[in-house]
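Nothing in this text is a laboratory measurement; each read-out follows from the coordinates by a stated rule. Note that the structure is a prediction, hence the values are computed from the model and not measured. Ideal geometry is used to build each Cβ from the backbone, glycine not excepted, and the neighbour counts take in all protein chains shown.
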2 protein chains.
Amino acid sequence: MALIVQKYGGSSLTDVEKIKKIAARVIAAKDSGDEIVVVVSARGDTTDKLIKLAHQINEQPAEREMDMLLSTGEQVSAALLTMAIHAQGKDATSFTGTQVGIATDSSHTRAKILKIDAKRVKNKLEKGHIVIVAGFQGIDYEGNITTLGRGGSDLTAVSLAAVLNAQRCEICTDVEGVYTADPRIVPEARKLNVVSYDEMLEMASLGAYVLYDRSVEMAKRFSVPLHIRHSFSRNPGTLIIKEDKSMEDILVRGITLSKEEAKVSFHGVSDKPGVAAKLFQAIASANISVNMIIQNVSKEGLSDISFTVAKGDLKKAIAMARKVSRQIGGCKVSADDGIANVSIVGIGMGRHSGVAAEMFTALAEEGVNIQMISTSEIKISCIVSEKDGKKAARAIHTKFKLGKRN
Amino acid sequence: MALIVQKYGGSSLTDVEKIKKIAARVIAAKDSGDEIVVVVSARGDTTDKLIKLAHQINEQPAEREMDMLLSTGEQVSAALLTMAIHAQGKDATSFTGTQVGIATDSSHTRAKILKIDAKRVKNKLEKGHIVIVAGFQGIDYEGNITTLGRGGSDLTAVSLAAVLNAQRCEICTDVEGVYTADPRIVPEARKLNVVSYDEMLEMASLGAYVLYDRSVEMAKRFSVPLHIRHSFSRNPGTLIIKEDKSMEDILVRGITLSKEEAKVSFHGVSDKPGVAAKLFQAIASANISVNMIIQNVSKEGLSDISFTVAKGDLKKAIAMARKVSRQIGGCKVSADDGIANVSIVGIGMGRHSGVAAEMFTALAEEGVNIQMISTSEIKISCIVSEKDGKKAARAIHTKFKLGKRN
């Protein structure tokens, strides 16, 4: 008998019929002989509605009170799913984050899990119950309700799976799994049977929003196998596991395309120590996250530095860059929000230098100009013009024959 | 500096504008120099919507899960009101029943409060905060969320007022106070400035649903002065306090009219010990609450026993009565759901035998036939035909000149 943790997102619980279907699915898993812990998100647009209401009342609601408010959504889901399981004749018990003993720090709206007690969960599992846990929430050392931020329910599920030594953690959602590329952009994209934690981390940070990177990091740290699958389908989804030998011959696992970044460049920076430090200290002090940073070798004592930020942070980033430019004695600042980041991810590529050449060839054949390049052990990212993004993704997908095999 | 507990009902918190108004009212109370604890109910029809949803999922939802579900409504109200107070520049903190330490037994959906810790409430009050508490809920010794049943938020408020030694507990609602009669039935009904706990208890149990009797009993036991008033008006409402000398000359405080009862009669019961016991054991075993019980002196060894029950329980009551009738050898059972209970309540009437006569005269003058009479130290109730109910209430109100003075 194994222990399985299943997590269901809000879109799987929007109405009575869906809740009943999920209950049947949970019961089927239980009937197959496993112990089942289910983590649920808030239903449908509940959270958005509550956030809107809060902002109508207070433009900047206190984060502690936001947590108090929003945590109710998951509690409602947990109670309703438990009732639906009872209606189908099985024992089940719901718990809030507080009741499960999910201890977090006090960073309201983005708390970190410190420890999970889970005594009550184990107790009920021993009595043969299916246990339903309200995701996304915890309790700080003073007894305040906290929430875990974006992707918080996934994090609850993965953490519980780690603490309970679960055989795997199923993330049940509205997609069939992880694909070689976004099927809306690359029609021949293929569902992957298996992806490594590191590949998934790169893909998540590059805009493949199946899972947030915090959850993947947690799963990797505690070696919790993840299974991404559709809430209303019996098809196998995508397994996310540790890299193993069977994966070695794969060069490129998948392609991501993100249009959510903008580019800022410093031109003609004098080639002296400390300039880059000054620039990024200023950017960091304005609470702006930087994704890609590139500095090329200098020519005649002058070099260019470019970086990308989320589009929403561009105005602030330009202002900070201009300020630093004045301090260091005037270099030109330019910016562009019409860019796309097209990346390939795969654990094998670090050992095969030909991969980068093949990617650049694919782009050249389509006439796509590369503005910036950045690489890591398992990833190559190119910044291209936004209008070329989709074309670039399709060309690379074809070049690496990702639609054909696994 | 005094401590005041204020309770706001769900109809006072339905929309953003109302929540802002209540916040301003709470702040005004704080600015007048008092410490303020606010207890809130779920907003508008939130609870009804959640109950409906639960019943669509499970015809008989588990009571533990209902508590898990419904307690979220008050938690949402508490967070939103706290945000509204923040927006108006004051410190405030919200708490759930669990966080306040409202320890109850495990009778889900109708739990009894055993103990209140309130350490966190005192702590925040000392720091100058307004404290907002989610009403209606507590926590049992195992850590499960419980709810207190009908009028539960009032009970939370009164209990907190008792534990915190509050100067008074204000029940802020959608009526101006307690009236000599229901103004929709008796237009000249007058708001009472003061009512004793015992009078309010009789009035509550007779259908004047300003307050449920559990809250009044709790207030009486711990001598918590209650102040019933309108949430959006500055008018003084009705004080509910211990009987004192200033009240002594009042004979009749008010009139109640209830059409929610039905009558069952046993005719020709043989006048032997144990018959009434048998009958009411059977009624109790079917979980039926009996309001009024009347047995008159017997004639020729036979007597009649009548009692009233809530209309919804009538079918069950008739079935039980017939069963007992067969057991004791056949007496006739009759029933009538077309009745009204018109009562007068007042602490002075026990010392003035003329009050009953005056009430009966008022009814006779209007041609209203009295079917049953029952009295207590501070109450006289008459069962009349349902169609005569309003006429009876008006006639008695006029007879005792209740519209004229206090």
- Message: Can you tell me how region A:235-296 classifies by the Cα gyration tensor, rounded, prolate or oblate, using a/c under 1.5 as the rounded cut?
- Response: prolate
- Message: Loop only by DSSP, 14 or fewer other Cβ within 10 Å of the Cβ. Give me the GluC sites (Glu not before Pro) in region B:56-123 that pass, ordered by residue number.
- Response: B:GLU59
- Task: Sticking to Cα atoms, compute the Rg of region B:1-44 to one decimal and its Dmax as the biggest Cα-Cα distance, whole number, in Å.
- Result: 10.8, 33
- Using 7 Å Cα-to-Cβ label points, what is the B:ASN123/B:SER223 separation (nm, one decimal)? 3.1 nm
- Message: With angles folded into 0 to 90 degrees, how steeply does helix B:275-285 sit against the dominant principal axis of chain B? Use alpha carbons for both and round to 10.
- Response: 30 degrees
- Message: Using amide H atoms built in the peptide plane, which far-off residues or other-chain residues are under 5 Å from B:MET292 H to H?
- Response: B:THR308
- Item | Diffusion coefficient, µm² s⁻¹, Stokes-Einstein with Kirkwood Rh over alpha-carbon pairs of region B:198-343 at 37 °C and 0.692 mPa s | 184 µm²/s
- Message: In whole Hz and in residue order, list the ³J(HN,Hα) couplings for region A:71-81 that follow from phi through the Karplus curve 6.51 cos²θ - 1.76 cosθ + 1.60, θ = phi - 60°; x for Gly and Pro.
- Response: 4, 5, x, 5, 5, 4, 4, 4, 5, 5, 5
- Which angle between 0 and 90 degrees, to the nearest 10, do you get for helix B:16-31 versus the longest principal axis of chain B when only C-alpha atoms count? 80 degrees
- Dipole magnitude of region A:265-335 about its Cα centre (Cβ charges: Lys, Arg +1; Asp, Glu -1), debye to nearest 20: 300 debye
- Task: Could you list the square roots of 5 times each eigenvalue of the Cα gyration tensor of region A:3-174, that is, the equivalent ellipsoid semi-axes, sorted largest first and rounded to whole Å?
- Result: 26, 19, 12
- Query: Given B:ILE113, B:ALA284, A:GLY128, which one lies farthest toward the positive end of the charge dipole of the protein assembly as shown, if we put +1 on the Cβ of every Lys and Arg and -1 on the Cβ of every Asp and Glu?
  - Reply: B:ALA284
- Query: Inter-copy label distances at B:ILE185, 7 Å along the Cα→beta-carbon direction, one decimal in nm, shortest first?
  - Reply: 7.1
- Could you tell me the distance between the Cα centroids of region B:193-242 and region A:110-177, to the nearest Å? 45 Å
- Rel. contact order, % - alpha carbon contacts under 8 angstrom, at least six apart, region B:3-174: 30 percent
- Query: Remind me, relative contact order of chain B in percent, using alpha carbon pairs under 8 angstrom and six or more residues apart?
  - Reply: 14 percent
- Between the alpha-carbon centers of region B:10-30 and region B:259-292, tell me the distance in whole angstrom. 47 Å
- Query: Going by alpha carbons, how many degrees (0 to 90, nearest 10) lie between the helix axis of B:46-57 and the longest principal axis of chain B?
  - Reply: 70 degrees
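When the helix-only estimate is applied to chain A (DSSP H runs of n ≥ 4, each -39,500 (n - 2.57), divided by the residue count), what is the mean residue ellipticity at 222 nm, nearest 500 deg cm²/dmol? Can you show the working numbers first?
Working: 12 runs with 143 residues, N = 406.
Value at 222 nm, helices only: -11000 deg cm²/dmol.
For region B:274-383, how big is Rg over Rh, using alpha carbon atoms and the Kirkwood form of Rh?
On the way: Rg = 15.9 Å, Rh = 15.7 Å.
With Rg and the Kirkwood Rh in hand, the quotient comes to 1.01.
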- If we hang a label 7 Å off Cα along the beta carbon direction at B:LYS315, how far is it from the matching labels on the other copies, in nm, shortest first? 6.5
- Message: Taking 2.2 N^0.38 Å as the expected size of a compact globular protein, what ratio does the Cα radius of gyration of region A:125-198 give against it, to two decimals?
- Response: 1.47
- Within region B:136-244, which GluC sites (Glu not before Pro) sit in a loop by DSSP and count at most 14 neighbouring Cβ atoms inside 10 Å? B:GLU142, B:GLU188
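Contour minus end-to-end for A:ALA276 and A:GLU300, with contour as 0.36 nm per residue of separation and end-to-end as the Cα-Cα distance?
Numbers: separation 24, 0.36 × 24 = 8.64 nm, distance 1.77 nm.
This chain segment gains 6.9 nm when fully extended.
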- Specify the residue with the greatest mean-square fluctuation among A:LEU50, A:LEU148, A:LEU160, computed from a Gaussian network of chain A linking alpha-carbon atoms under 10 Å apart. A:LEU50
- Message: For B:ALA111, what residues show an amide H to amide H distance below 5 Å, using hydrogens built from the backbone and excluding near sequence neighbours?
- Response: B:THR147, B:LEU148, B:GLY149
- Item | Principal axes of region B:334-406: Cα extent on each, largest first, Å | 38, 23, 17
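Tell me, Kirkwood radius of chain A from alpha-carbon pair distances, in Å? Please report the intermediate quantities before stating the final value.
On the way: mean 1/r = 0.0433 Å⁻¹.
For chain A, the Kirkwood estimate is 23.1 Å.
Where does the protein assembly as shown land on the Kirkwood hydrodynamic radius, alpha-carbon pairs, in angstrom?
Numbers: mean 1/r = 0.0319 Å⁻¹.
Hydrodynamic radius (Kirkwood, Cα pairs) of the protein assembly as shown is 31.3 Å.
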- Query: Name the trypsin sites (Lys or Arg not before Pro) in region A:40-135 that are in a loop by DSSP and that have at most 11 other C-beta atoms within 10 Å, would you?
  - Reply: A:LYS127
- Message: Using a 10 Å cut-off around each Cβ of peptide A:87-94, what is the average number of partner chain Cβ atoms that fall inside?
- Response: 3
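Among DSSP beta bridges lying fully in the protein assembly as shown, give the percent that are antiparallel, nearest 5. It would help to have the intermediate numbers written out before the result.
Details: 92 of 148 bridges.
Restricted to the protein assembly as shown, the bridges split so that about 60 percent are antiparallel.
Rounded to two decimals, what is the ratio between the C-alpha radius of gyration of region B:265-334 and 2.2 N^0.38 Å?
1.02
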- Item | Rg in Å to one decimal, and Dmax rounded to a whole Å, for region B:73-162 via C-alpha atoms | 12.9, 40
- Message: With a 10 Å cut-off between alpha carbons and a GNM built on chain A, which of A:SER41, A:SER71, A:SER270 moves the most?
- Response: A:SER270
- Task: Report the dimensions of region B:308-364 along its three principal axes from the alpha-carbon atoms, largest first, rounded to Å.
- Result: 43, 25, 24
- Name the residue, out of B:THR180, B:THR46, B:THR82, whose mean-square fluctuation peaks in a Gaussian network model built on chain B with Cα pairs under 10 Å. B:THR46
- Two-site FRET efficiency, B:GLN88 against A:THR14, from Cβ-Cβ distance with R₀ of 35 Å, rounded to 0.05: 0.50
- Note on the structure: With a ≥ b ≥ c from the Cα gyration tensor eigenvalues, square-rooted, and the rule rounded for a/c under 1.5, otherwise prolate when a/b > b/c and oblate otherwise, region B:1-80 is prolate
